[in-house]
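The numbers here are math on the coordinates, done by the rules we state, and not lab data. Source: prediction; values computed, not measured. Glycine gets a Cβ as well: all are built from the backbone with ideal geometry, and neighbour counts include every protein chain shown.
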Amino acid sequence: MIHRFLILLSVLLSYATITKAQDSCRTEITCDLSTEAAVGSGDFTAYQLVTNRHHVLSTRSNTAYLRGAVNIRHAFTDDLSLSGCVDAIGSIHADHKFYLQQCYANLSFKKFFLEFGAREHAAVVRNDLLSIGSFTKGTNAKPFAQLHIGTNGFWDVPFTRKWIQVDFDGGYGRFLDGNYREDAFYRGETPNGNLNSYYATGIYMHQKHLYIRTNPEKRFFAMVGIEHMAQFGGTKYMYVRNADGTLSLQSKSKAVDLKNIWGVFLCRGDKNYFENGSPEDWVYGNHVGVMTAQIGWNINSNHQVQAYLDNPFEDGSGIRKGNGWDGLWGLEYKNRSEGRQYVRGVVAEYFQSTNQSGPLHWDGNDYPEPMRSQITDFVVGNDNYYNNSCYNSYTHYGMTPGIALITSPIYNKDGFTQFRDNRVRAWHLGVNGEVTGRLSYLVKGSYREGKGTYFMPLPKKQHSLDVMIQGNYSLGPWQFSAAFAFDKGNIYGDCYTFNIKIGYHGKIL
């Protein structure tokens, strides 16, 4: 698939070069070059330096990378444009030494786009710099390869006089981490056996979101929306005990056809739970989602305050808010004044994932006959956020695409590939602003406590205080930043990291 991306981008580059002679002002080629180094003590790079950055910087301590990207955009008309990017990273002391971070082609018409490839997308409604992030389609993991269609930001619904705006996106693609999942499975081997009993490769994905809001320039405004992500298809490899007591690794593949593609879009399944003696899904795929309710107040033209709740769900119990106080509860302040502002933005958030619709799950639909008809009780709970009995975990290269405060399996030193601690309470604060016209700052801090999972409660509560202070200096096309971050607690250990980054954005054509 990657080579197809490269061919497509080569065609774009050739086309841009040919059309330059006809109308050079409509073709633009730019480059981005950057390098970053993180050094310090501890087992990992400090949490705040890694999180919500598309897994660009390695979680390993004392790491560095070089990054280069070429961006191409050609405007056919004022409304129609074609763009693309090739973005590569080479790292040292990292899980991935060299890889394509982004490689995509995008066709945009007015406020709509059609895109193919892997691309770093910003969070839809959360503050990329200051927030904990999104439970579903966050910015914490490497991008997926997908074909999708949507809007470039919010689109004014016709005939509403700009009172109603929508932002939507939807598509299908692939997880690119099959080899990583297989390697991680075997890294969990011990003298007494393997910590991991199964893994999956060749996983397909489906994502979509829809947000509807009133005009945010009015004194008061509101927004509601939903994000949905699903893993489906692929091949599951699992240890099965033989008649002689030994274990063997067996595989089972899940078909990807129009029925399954439509079924995963609607979160539907069938009632053929057992096929060839093996249990099938009650619903096609592994589903993760979040529902959002948000209200805002423009105090005046320059100052805005918003309050929001992001409610997570992995099945119907979460959609019905059977998960109690679980969710991301937040307040955000924006200063939109021109010129230097010592406080540009503030985000304060509380995150909870301890309820998960209760500790029990007892549903006859999960079992074949004759057991199914004998189960009369019905208790839906134990959502076990981000873990799944088929796809192992909602991760991409070991990192969750969602809320990073639910510690990703990449941090499991023993090689366990699932989330050990998804019942979390956390408090978070982020502040940014400008000291001078060229110098800005960013401060973030989080404190979290964890209880493990309902299946595997932790004997001792986990906790961590994670803080970062960063300064950024801009000089024309050059960007410089320096940061210090630390973790204190028994999740990541005591980590202290100094970070330096240099970036350049230039125009080629």
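Miscellaneous remarks
- Straight-distance crosslink candidates among aspartates and glutamates, where the alpha carbon sits under 15 Å from LYS236 and sequence neighbours closer than 8 are dropped: ASP177, GLU182, ASP183, GLU275, GLU280, ASP281
- With θ taken as phi - 60° and the Karplus curve 6.51 cos²θ - 1.76 cosθ + 1.60 applied, the whole-hertz 3J(HN,Hα) list for segment 317-325 is 5, x, 4, 7, 6, x, 9, x, 8 Hz, x standing for glycine and proline.
- Evaluating 6.51 cos²θ - 1.76 cosθ + 1.60 at θ = phi - 60° for every residue in segment 387-393, the Karplus couplings come out as 9, 8, 6, 10, 9, 6, 7 Hz, glycine and proline recorded as x.
- Among SER353, SER464, SER301, a tally of other beta-carbon atoms within 10 Å of each Cβ gives an order, fewest to most, of SER301, SER464, SER353.
- Pairs with C-alpha atoms separated by more than 19 Å, drawn from the list LYS97/LYS488; LYS137/LYS208; LYS218/LYS334, are LYS97/LYS488.
- Cβ crowding within 10 Å ranks MET223, MET456 as MET456, MET223, fewest other Cβ atoms first.
- Database remark: amide H of SER134 closer than 5 angstrom to the amide H of THR139 (H placed geometrically; neighbours at sequence offset of 5 or more, or on other chains; Pro and chain starts carry no H).
- Convex hull of Cα atoms in segment 121-475, direction-averaged projection (nm²): 21.7 nm²
- Taking Cβ atoms as reference points and 10 Å as the exclusive limit, the residues near ASP183 contribute a net charge of -1, counting Lys and Arg as +1 and Asp and Glu as -1.
- Among ASN472, ASN106, ILE500 the positive-end extreme of the charge dipole of the chain (Cβ point charges): ASN472
- Subtracting the Cα-Cα distance of LEU458 and TYR473 from 0.36 nm times their residue separation leaves 1.1 nm of extension gain.
- Calculated FRET value between ALA222 and THR246, using beta carbons and R₀ = 51 Å, to 0.05: 0.25
- Amide proton proximity set for GLY402, modelled H, under 5 Å, gap of 5+: GLY138
- Least to most buried among VAL256, VAL347 (fewest other Cβ within 10 Å first): VAL256, VAL347
- Debye, to nearest 20: dipole size of the chain, +1 on Lys, Arg Cβ, -1 on Asp, Glu Cβ: 960 debye
- For segment 50-66, 3J(HN,Hα) per residue [Karplus equation, 6.51 cos²θ - 1.76 cosθ + 1.60, θ = phi - 60°, Hz, x = Gly/Pro]: 9, 5, 6, 10, 6, 6, 6, 8, 5, 6, 5, 6, 6, 10, 7, 8, 10
- Neighbourhood charge, 12 Å Cβ-Cβ cut-off, centred on GLY170 and excluding it, Lys, Arg +1 and Asp, Glu -1: -2
- Net +/- balance of residues flanking ILE226 in space, Cβ distance below 15 Å, scoring K and R +1, D and E -1: 0
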